[in-house]
1. Give me the log10 of I(q) over I(0) for chain B at q = 0.07, 0.09, 0.13 Å⁻¹, as the Debye formula computes it from C-alpha points; what are the numbers?
2. Over the stretch A:137-293, what relative contact order in percent results from Cα pairs under 8 Å that are six or more residues apart?
3. Using the Karplus curve 6.51 cos²θ - 1.76 cosθ + 1.60 with θ = phi - 60°, what ³J(HN,Hα) values do you get for each residue of the stretch B:295-300, in whole Hz, with x for Gly and Pro?
4. For labels at B:D449 and A:R178 in the simple 7 Å Cα→Cβ model, what's the distance in nm?
5. Zone of B:R31 (label point 7 Å along Cα→Cβ, backbone N under 20 Å): which residues in the stretch B:98-128?
6. For the stretch A:210-223, in order, what is each residue's ³J(HN,Hα) by Karplus, 6.51 cos²θ - 1.76 cosθ + 1.60 with θ = phi - 60°, in whole Hz (x at glycine and Pro)?
7. Given contacts defined as C-alpha pairs under 8 Å and at least six residues apart, what's the relative contact order of chain B, whole-number percent?
8. Going 7 Å from the Cα of B:D387 in the Cα-to-Cβ direction, what parts of the stretch B:227-259 have a backbone nitrogen less than 20 Å from that spot?
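The values are calculated or read from the model by the stated rules, or taken from the named source; none is laboratory data. Quantities reported herein were computed from a predicted structural model and do not represent experimental measurements. Here Cβ is always computed from backbone atoms with ideal geometry, including for glycine, and neighbour counts include all displayed protein chains. Each accessible area value is taken on the protein alone, full model and side chains, heavy atoms only, with ligands, DNA and RNA left out. Shrake-Rupley method; radii C 1.70, N 1.55, O 1.52, S 1.80 Å.
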Amino acid sequence: MPLSLALATALYAAAATFAAGIAWRVWVWARTPEPFRIPTTTGQQRSLAWIASSRVESPSTRLGVAGRLALEGLLFRSLFRNTVPGPAARGPDVCPPPVFFERKALWLGAMALHWSLLVIVLRHLRLFVDPVPGLAAGLAALDGFFEIGTPRWYATDAIVAIALVYLLVRRLRDPLLRYVTLPADYVALAALMAVTGTGIALRYGARVDLVDVRTFTLSVAALAPVPLKDTNLWLAAHVAAVACLLAMLPFTKMVHAAGLWLSPTRNQANDSRRRRHVNPWDAPVDVHGYEAWRDEFRDKLVAAGLPIDETRPRGGTGA
Amino acid sequence: MALEKPDPAHLAAVDFTVPRRAWRDLPVEFRKGTYNYATPRRHVEALGLPNPREWQPHDADWKLPPDWKRIILDGMQDRLDRYRSFRLFMDICVRCGACADKCHFYLGSGDPRNTPVLRAELLRSVYRRYFTAAGRMFGPLAGARDLTEDVLKEWFYYFYQCTECRRCSVFCPYGIDTAEITMIGRELLSLVGCTIQWVVEPAANCYRTGNHLGIQPHGFKDSLAFAAGELEELTGIRIDIPIDRKGAEVLLVVPSADYFGTPHYYTLLGYLMVLHEAGVDYTFSAFASEGGNFGLFASHELMKRLNAKIYAEARRLGVKWILGGECGHMWRVVHQYMGTMNAPADFLEVPVSPVTGTRFDHAASTKMVHVCEFTADLIAHGRLRLDRSRNDHWNVTFHDSCNPARGMGLYEEPRAILRGVLNHFHEMAEDTIRERTLCCGSGAGLGTDENVEMRMRGGRPRAMAVNDVRTRHGVNCLACICAIDKATLPPLLEYWVPGVEVAGVHELVGNALVMAGERPRTTDLRGEPLGGTGAAHA
């Protein structure tokens, strides 16, 4: 059937674009050197033995760096720090006390979105792998724990929808945030909303023959697509939205998912005085050496009784 | 030539309303008090930098080279290929806005283009237009815009309204560091000759004379001799201050403000007292008479050119290791750049404290130790006799300077010292210290008289935190370990929080240090009577 073929083709094209796009982005970043050690040190350096250093916030070892990246990637450590200035800063006092309030909403929204998406993606493995992987089945069982509705509502479906609405409303309501937002930022949100919206409609509203769908998706995964018996427009819309999202991901801000791990302020150890970091494109620069300085100020050095060094420095940096 | 400072009440009424017009086509207005003057021709020439000429940012014609656009775009391409930070930070921002209200310049000015996210978008919009397919195809829809002279002027305005303090990078979920963006932005501007006097003139001085202030060797010697005289008056002890002495164990490198500015000067007295009392075999260098490095605020290349003399002098003088004074941006360079730029320093030895025997393994490669690390180690080993009551007239808080904090992780050493030398100490609010410390508003070359309004605006969040501990605990002294802080926080605090003084950590060490054979001390290093309860300074 032509629609099945079109959907399969879209999925293949999108997956290929996604894989090639991400690989290309990561390759470009990875081949670009990190000339200097510039970690943002958010904790105590490792220095004197009796001072406890912060192994994750100011890591001096690779293990520490791994821990820092794990906290960042899995728990959004930096976003967790978020604060907002209190009203005092805008009040009538010329110099009011600093009041920063903790603001966990954005962190919560981001965690809800990303973790739900991950669970949803893993749940979908049941459609592409046979027999159904234990992970997918387990997650689905856990996700449907509350046993609400028929078919049972997955908690993540509700959470991801709420998180997306929150992120959109937040962007629209805060005047400053609206001011910095680019059209592309709405496009990314819209793509995610299309995917989750059609997905939710498909599961809870449209009546699809799951066996038929699974036969189709398994055949797509096996690179030998067989047509769907029954074409459902919600299914077509969902697959199309997923294909769009996958294909655009490497070329939009959503590529941050891959970029985070390469971010120099987070993935470098704070050990630049302990171990030398080498800059691959390092090149000599013009310097003003001791001799030039000495010769210009010779009279003044003599008058001040400062020692004058007539031997040439032994060469090396700056000499 | 100093501008009249505006009324604090006027500056405090920050207008956070966003403009109606999109920022992309809002030309920048160079209003007196909010920008820095351009570099005069002679300083540009002294360093061999591009496009030397006389011009000012408020001129209509910036006298750019005819092919300025090509120069900038080539410069961008070059840096995209050489700095992963730059390329990655151009690509991965999601505009979540977490950084926006973390910037002291945004908090103080309410200008959306002073949010880190838009500061980076100034460059990103041009990056998208010329270096990404989406930007070339979709233009403004993809957040791309053409590079025009107005855009260049906007870059100049806003990249010289960022102090490279890195506070935003603490909060960014991807670690996007606006200091990197600003550094690259300034490098690009420098390629077409758009630099500021307060960065390039000190750099040119430093290149030629060895220090930012342009002090020549005899002046350097006089300053140190004067300090020795002052110390003798205070303590009755005659100390010797060696300069260019070959074969000393340690080379001491300090920011030049330490021997020419107040209150830095008292910090210098503090180091000299500690080194004398601990019996350290050290020397100054009259050529490496500057640890600070204004090259950091201009370009990576200029940073390297200025930094080179430290190792060169260490080698020439045959010392074993290097000790560095209290200076913020100097330590950003020493900690994160020097080893890469000008090492290997294999002619030096791993620093070992001659007093306690502590091996400073954390500086095993660079061989340069922070004076706070050195003194904290002395105090921890009980090797200094300290009378804390001599600082009883001070009620102290500690300001983490941006660079030692977020570019080094030096948080506990100065606090350990302060605990050892004084009795009255109160931290400022948690959200305003350590890695979340607020900038003085004048770093990265912005501490000029002509820029006074932006400085007062940018420093207000810091002043608010100080005002809080002054009100609650009667704090009358802010201790810090940065020469720019010591120069710019006194006028800032006088403006927002009158009655709070600024002191270096080693000034407070000097007050408390009981030296062998000293005569009974009646005054602190400033010559003010000891034993008060703060009344003398409140």
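1. -0.39, -0.65, -1.31
2. Dividing the mean separation by the residue count of the stretch A:137-293 yields 18 percent.
3. Those phi angles translate into x, 3, 8, 10, 6, 4 Hz.
4. Going from the B:D449 label point to the A:R178 one covers 4.5 nm.
5. It comes to B:103-116, B:118-119, nothing else.
6. Here the 3J(HN,Hα) series is 4, 5, 4, 4, 5, 4, 5, 5, 5, 5, 5, 5, 7, 6 Hz.
7. 17 percent
8. B:230-239
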